[in-house]
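Chemist: I have a structure here, written as structure tokens, and I will follow up with some questions on it.
What follows is calculated from the coordinates using simple rules that are stated; it is not laboratory data. Nothing here was measured: the structure is a model prediction, and the numbers come from that model. Using ideal geometry, Cβ is built from the backbone for each residue, glycine included, and neighbour counts are taken over all protein chains shown.
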Amino acid sequence: MPALVSIKAFADNYIWLFRVGNRAWVVDPGESAGVLGYLDKHHLILEGILLTHHHDDHTGGVEHLRSVRNARVYGPARERLPEPVIRLLHGDEVDALGVRFRVIDVPGHTAGHIAYYAEDFDGRPLLFCGDTLFSGGCGRLFEGTPAQMFASLDRLAGLPGDTLVCCAHEYTVGNLRFANAVEPGNRDVVEHLDRCLALRARDEPTLPSSIKQERLINPFLRCQDPAVANAARRRAAVGHAMDDVAVFAALRAWKDRFA
């Protein structure tokens, strides 16, 4: 059976590692030291690396890991990545330790961002979503458009509710505070914020989340909800109804300035 762990990196990154027996793969290794420490401690062989996008805090450890562990590297077809990389397009599949991952295009945070989805990871679906979807939030739009990011999030929100969501950053508490400002009447947000504050007080991760949970608490997946749409309209000082993409864009601009 595959096992899943998160390895801390930098101030708030998570490098996800999954293993079967003594074989392992990692996702978005922004640095190598923590990964190598875990591999050595547990006597694991690193066979592969999955990359979601080109940002340094997701790729900075690739060259060293490849040089010392000779791991294969897979990544998006349209991003600048440390070569050599096996390039992947939407719909491609990667077999990693007997787990079959399907590639999903999720542009927005970067132009060529991809996610990896497995229908069966130890009995549950699993998603490695990089910086597209966060618990309670989503990534900033560095290269894509609001329409692209909205479509990407809508695609992920359509996955089965029990899908484990493995985000790449520990942003949950801050995101939930924003979600509470958008939708103060949402008890799911308040209750989950309390749970996550308790986890962080014990220095425990708030992740993985689930698609079902995110549909309840994440304003960026709730643009069609009247309370969320009305909050976005008020924030944008718009006197008429807004379509879903405009609601998303207003929420994203609000979050970019949220303290």
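Chemist: Tell me the label-point distance for the pair His90, Ala259, using the 7 Å Cα-to-Cβ offset, in nm and rounded to one decimal.
Modeler: Here the answer is 4.0 nm between the modelled labels.
Chemist: Extent of the stretch 67-149 along each principal axis, from alpha carbon coordinates, in Å, largest to smallest?
Modeler: Taking the Cα atoms of the stretch 67-149, the three principal extents are 35, 33, 23 Å.
Chemist: Show the residues, 5+ positions off or on another chain, whose built amide H is closer than 5 Å to the amide H of Gly61.
Modeler: Amide H neighbours of Gly61, under 5 Å, 5+ apart: Gly30, Glu31.
Chemist: Once the dipole of the chain is set up with Lys and Arg at +1 and Asp and Glu at -1 on Cβ about the Cα centre, which of Leu50, Cys166, Met149 lies farthest towards its positive end?
Modeler: Going by the Cα projections, it comes out as Met149.
Chemist: Quick one, what does Rg over Rh come out to for the stretch 3-256 if you take C-alpha atoms and the Kirkwood Rh?
Modeler: 0.98
Chemist: Quick one: Met1, Met149, fewest Cβ neighbours within 10 Å first, how do they rank?
Modeler: Met1, Met149
Chemist: Still on this structure: In debye to the nearest 20, how big a dipole does the stretch 118-252 give about its Cα centre with +1 on each Lys and Arg Cβ and -1 on each Asp and Glu Cβ?
Modeler: 540
Chemist: What angle do you read, to the nearest 10 degrees and between 0 and 90, between the alpha-carbon axis of helix 187-201 and the longest principal axis of the chain?
Modeler: 40
Chemist: Ok, one more. Restricting to bridges with both residues inside the chain, how much of the DSSP beta-bridge set is antiparallel, in percent to the nearest 5?
Modeler: Roughly 65 percent of the DSSP beta bridges within the chain come out antiparallel.
Chemist: Give the aspartates and glutamates reachable from Lys255 as a straight Cα distance under 14 Å; neighbours fewer than 8 places away on the same chain don't count.
Modeler: Result set, ordered by chain and number: Glu183.
Chemist: Give me the dipole magnitude in Debye, nearest 20, for the stretch 131-191 about the Cα centre, with unit charges on the beta carbon: positive for Lys and Arg, negative for Asp and Glu.
Modeler: 120
Chemist: Kindly provide the helix-only [θ] at 222 nm of the chain, computed as the sum of -39,500 (n - 2.57) over DSSP H runs of four or more divided by all residues, to the nearest 500 deg cm²/dmol?
Modeler: -10000 deg cm²/dmol
Chemist: How big is D for the stretch 1-116, in µm² s⁻¹ as a whole number, if Stokes-Einstein is applied with the Kirkwood radius of its Cα pairs at 4 °C and 1.567 mPa s?
Modeler: 92
Chemist: With unit charges on the beta carbons (Lys and Arg positive, Asp and Glu negative) and the dipole taken about the Cα centre of the chain, which residue among Val99, Pro184, Pro205 sits farthest to the positive side?
Modeler: Of the options given, the answer is Pro184.
Chemist: While we're looking at this one, here's another question. I'd like to know which of Leu36, Ala249, Ala11 lies farthest towards the positive end of the charge dipole of the stretch 3-256, counting +1 on Cβ of Lys and Arg and -1 on Cβ of Asp and Glu.
Modeler: Positive-end residue among those listed: Ala249.
Chemist: Could you work out the relative contact order of the chain, using alpha carbon pairs under 8 angstrom and six or more residues apart, expressed as a whole percent?
Modeler: Over the chain, the number comes to 13 percent.
Chemist: Let me ask something else. How do Glu63, Glu143, Glu183 line up, fewest other C-beta atoms within 10 Å first?
Modeler: Glu63, Glu143, Glu183
Chemist: Note down the magnitude of the dipole of the chain about its Cα centre, charges +1 on Lys and Arg C-beta and -1 on Asp and Glu C-beta and zero elsewhere, to the nearest 20 debye.
Modeler: It works out to roughly 360 debye.
Chemist: Further question on the same structure: Report the residue, chosen from Gly48, Gly137, Gly91, that carries the largest GNM mean-square fluctuation when the chain is represented by alpha-carbon nodes joined by springs under 10 Å.
Modeler: Result: Gly91 has the largest fluctuation of those listed.
Chemist: Can you sort Phe101, Phe248 from fewest to most other Cβ atoms within 10 Å of each residue's own Cβ?
Modeler: With the sparsest Cβ surroundings first, the list reads Phe101, Phe248.
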